[in-house]
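Quick one: the structure is below, questions incoming.
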Amino acid sequence: MTFWLVLTVNSITFGGLLFLLSAGFSLIFGLMRIPNLTHGSLFMLGAYVGATFVVGMLGFQLNFWLAAVLATLTVAACGALAERLLLRRLPGDQLAQVLVTLGLSFMAADFCLMVWGGDPLNITTPAGLGGFVRVAGVAFPAYRLAIIVIAALVAVALWLLLDRTRLGAMIRAGVDDPDMARVVGIRVSQLFTIVFALGAGLAAFAGIIGGPILSVYPGLDQDMLPLALVVVILGGTGSLLGSFVGSIIIGFIYNFGQALLPELAYFVLFMPMLLVLLLRPQGLFGRHVP
Amino acid sequence: MSARLIALAVAFVALVTVPYWMPGDYYVNVASQILLYSIFALGLNVLVGYAGLVSLGHAGLFGIAAYATAYMLQIGAGHTAAIVVALIVGMASMALFAVLSLRSTGIGFIMITLALGEILWGLAYRWISLTGGDNGISVRTRPEPFGYSLTSPNTFYYTTLIVFVLSVAAMAVFVRSPFGASLKGTRDQPRRMNALGYHVWLIRFYACLVSGLLTAVSGILFVYYTQFISPQTLALTSSAEVLLMVISGGAGTLLGPMVGAALVVVVKTVVSGFIERWNFLLGAIFVAIVILMPEGLVPGSVRLWRLAWRKLSAPAKTAATEGKP
């Protein structure tokens, strides 16, 4: 019983991290119509930058949360720059844009290997969350519960941003019909930069927040990118609810698959995606077929 | 046309005599690699260049044929059986890939092939009882068709060359055939092709099978060349490398993928001799080519050449017309 309960909590925690990662991926996909293949790299970059501050590689140590915010901002700026300087040069050419993101992801992976080396970095759990919380006689790691709370807070904030603000309304308009949005005076290309920076920041935040659980190692990007891809195919592009539900489903399948069928974990992970592709190509909550 | 024939003859003679003018075995092996990757790139080019479908999962298909060969040899089958099974497994996986990914085109096709490629990588990495996981599978011997042993670099090179020439000839026929024309039609005008009565899906499916056959053949050559297969061969990096070969050389041309394969293999072997930063360079070349020369090196240099030619000959022409009263 305890085994299943702990597995469930782990699944929801991982689902929360996946939501942080894939919400940005889904928004970028919805708006710019491209799968951003650097998304795994942004996750890893966020984790590495955050770890640098937490471990004190630059000679000073920062508080975990301060480091998380700094890493998020740094990577968001990198994302905005990449969009401005490279993707912007290829307007409307989605294939070329995808290939550029692919090229950038290799450069980022090798850059991380060059700067931080090949050994995994362990990020210590932030102070005060290292212990356990006892619920009905079962001990849960406090930090994992904290991640669930953080992910839920970010989800609510994102929903408010998209549903209640002017910027959110413009983004939704851009997702639904970019040409019409341009006609009514929305600067869609500016939205591209904003959404790209937002998505990059969210991915980096997920990376550093997930650091104490996953640790940071070369190849983390290649582990996370397919997961983001599966979540978005499952949930549908451009839909926040879709990423949320998709993340939770994949969180469960990933953890239960690893525990019960370790040899076929990847296969089990991708099965629901194939089913969705066959039965409902636009995803559970999506409106466009990619 | 005659200039073209001469160029072809020179290239052919150069390829046949490689073991005589190359300075050593190492370079003959590099030449074998270029040829086998050319076959792989030609296979991917059928989809990327002629069908307009960009696949990011082809390393998975390449790897599955290689794994099938290695696995059959490991359980004690002969070389013929291993190669036949590998071809069947490769083609069957390609057919499955095609059925799943041809539900969409463009970005959707990229995403689905990427995900399928990652599944195959995940299986190779995790299904340890079948694939040996990270340790991979070693292949002890190379085949000896009609008593002709392939163990030396030279004999292996010639075998690869024969397969390569056959593949290039098949591609040349394919491109000029009515089927090749209809495939290009589905790339440029799918709706119009449909209205004309062509079965667009089926044409694309057959193109996938052609691509899968070349990919499987190159996968088998690869596993006999390295005599080892591990999950790294199926990783996204490998899919991207072969896509880079096609795109850098020039998608939709016959020569482009071969030039691209030569470029990537040479840069990779030369560069890895000096520094370890191959992936960084790969990514940088990728970004540079997509932004600066999106049509690829072969069509790009042809365009530049023609432009220069016109610039050079234009003043002469105007002078000639002025000379006439």
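Could you go through the stretch A:35-51 and let me know if any residue there is touching a residue at least 60 places away in the same chain (Cβ under 8 Å), surrounded by fewer than 23 Cβ atoms within 10 Å (Cβ to Cβ) and not aliphatic (A, V, I, L, M).
Looking for residues that are touching a residue at least 60 places away in the same chain (Cβ under 8 Å), surrounded by fewer than 23 Cβ atoms within 10 Å (Cβ to Cβ) and not aliphatic (A, V, I, L, M), one finds none in the stretch A:35-51, hence no.
Now a separate question. Specify which of the listed residues (A:LEU85, A:LEU62, A:LEU73, A:LEU66) is within 14 Å of chain B (Cβ to nearest Cβ) and of a type in the set (A, V, I, L, M, F, W, C).
The unique qualifying residue is A:LEU85.
Next question. Which condition does A:VAL115 not pass, out of (1) in a helix (DSSP H, G or I); (2) surrounded by 14 or more Cβ atoms within 10 Å (Cβ to Cβ); (3) of a type outside the set (Gly, Ala, Ser), if it passes all the others?
Evaluating A:VAL115 over (1) in a helix (DSSP H, G or I); (2) surrounded by 14 or more Cβ atoms within 10 Å (Cβ to Cβ); (3) of a type outside the set (Gly, Ala, Ser) leaves (2) as the failure.
So, one more: When the stretch A:147-203 is examined, which residues are found to be touching a Pro at 6+ places or on another chain (Cβ under 8 Å) and not polar (S, T, N, Q)?
The one that is touching a Pro at 6+ places or on another chain (Cβ under 8 Å) and not polar (S, T, N, Q): A:VAL188.
Further question: Could we say that B:THR155 is β-branched (Val, Ile, Thr) and crowded, with 18+ Cβ neighbours inside 10 Å here?
Spelling it out, it is not the case that B:THR155 is β-branched (Val, Ile, Thr) and crowded, with 18+ Cβ neighbours inside 10 Å.
So which residues in the stretch B:254-277 are buried (at least 19 other Cβ atoms within 10 Å of the Cβ) and within 14 Å of chain A (Cβ to nearest Cβ)?
Matches in the stretch B:254-277: B:GLY260, B:VAL264.
Right, here's the next one. If B:THR233 satisfies all but one of (1) assigned to a helix (DSSP H, G or I); (2) modelled with pLDDT under 90; (3) within 14 Å of another protein chain (Cβ to nearest Cβ), what's the number of the condition it fails?
Here B:THR233 meets the rest and fails (3).
Here's something else I'd like to know. Can you pull out the residues in the stretch B:133-172 that are aliphatic (A, V, I, L, M) and more than 30 Å from A:GLU263 (Cβ to Cβ)?
B:LEU150, B:LEU161, B:ILE162, B:VAL163, B:VAL165, B:LEU166, B:VAL168, B:ALA169, B:ALA170, B:MET171, B:ALA172 - these are the residues of the stretch B:133-172 that are aliphatic (A, V, I, L, M) and more than 30 Å from A:GLU263 (Cβ to Cβ).
Of all the helices (runs of 4 or more DSSP H) wholly in the stretch A:203-290, which have at least 1 residues that are acidic (Asp, Glu) and either surrounded by fewer than 24 Cβ atoms within 10 Å (Cβ to Cβ) or modelled with pLDDT of 85 or more (or both)?
The helices (runs of 4 or more DSSP H) meeting that bar are A:220-235.
Further question on the same structure: Count, please, the residues in the stretch B:107-134 that happen to be more than 7 Å from every other protein chain (Cβ to nearest Cβ) and not hydroxyl-bearing (Ser, Thr, Tyr).
Within the stretch B:107-134, residues that are more than 7 Å from every other protein chain (Cβ to nearest Cβ) and not hydroxyl-bearing (Ser, Thr, Tyr) number 10.
Let me ask something else. I'd like to know if the stretch A:92-110 contains one or more residues that are loosely packed, with under 14 Cβ neighbours inside 10 Å and away from every other protein chain (no Cβ under 14 Å).
No, every residue in the stretch A:92-110 fails to be loosely packed, with under 14 Cβ neighbours inside 10 Å and away from every other protein chain (no Cβ under 14 Å).
What's the number of the condition B:VAL163 fails, among (1) in contact with a Ser or Thr (Cβ under 8 Å, 6 or more places away or on another chain); (2) under 28 Å from B:LEU8 (Cβ atoms)?
Of (1) in contact with a Ser or Thr (Cβ under 8 Å, 6 or more places away or on another chain); (2) under 28 Å from B:LEU8 (Cβ atoms), only one is false for B:VAL163: (1).
Of all residues in the stretch A:234-252, which are in contact (Cβ under 8 Å) with a residue 60 or more places away in the chain and hydrophobic (A, V, I, L, M, F, W, C)?
A:LEU240, A:PHE244, A:ILE248, A:ILE249, A:ILE250, A:PHE252
For the stretch B:107-137, give me the residue count where each residue is surrounded by 15 or more Cβ atoms within 10 Å (Cβ to Cβ), out of contact with any helix residue (DSSP H, G or I) (no Cβ under 7 Å at 6 or more places or on another chain) and not in a loop (DSSP other than H, G, I, E, B).
The number of residues fulfilling the criteria is 1.
Just checking, which of A:ILE249, A:ILE209 is closer than 23 Å to A:CYS112 by Cβ and either small (Gly, Ala, Ser) or away from chain B (no Cβ under 14 Å) (or both)?
The unique qualifying residue is A:ILE209.
Going by what's in this entry, would A:GLY46 be described as touching a Leu at 6+ places or on another chain (Cβ under 7 Å) and at pLDDT 85 or above?
So A:GLY46 fails the test.
Restricting attention to the stretch B:278-290, and to residues there that are within 7 Å of chain A (Cβ to nearest Cβ) and crowded, with 17+ Cβ neighbours inside 10 Å, which single residue is farthest from A:ARG89 (Cα to Cα)?
B:ASN279
Taking the criterion of being in a loop (DSSP other than H, G, I, E, B) and either of a type in the set (Gly, Ala, Ser) or within 14 Å of chain B (Cβ to nearest Cβ) (or both), would at least one residue in the stretch A:47-56 satisfy it?
yes
Would it be correct to say that B:GLY219 is out of contact with any Gly (no Cβ under 6 Å at 6 or more places or on another chain), under 22 Å from B:PRO153 (Cβ atoms) and buried (at least 22 other Cβ atoms within 10 Å of the Cβ)?
yes
The values are calculated or read from the model by the stated rules, or taken from the named source; none is laboratory data. A quick note: this is a predicted structure, and the numbers were derived from the prediction, not measured. Quick reminder, even Gly has a Cβ in these numbers, built from the backbone with ideal geometry, and neighbours come from all protein chains shown.
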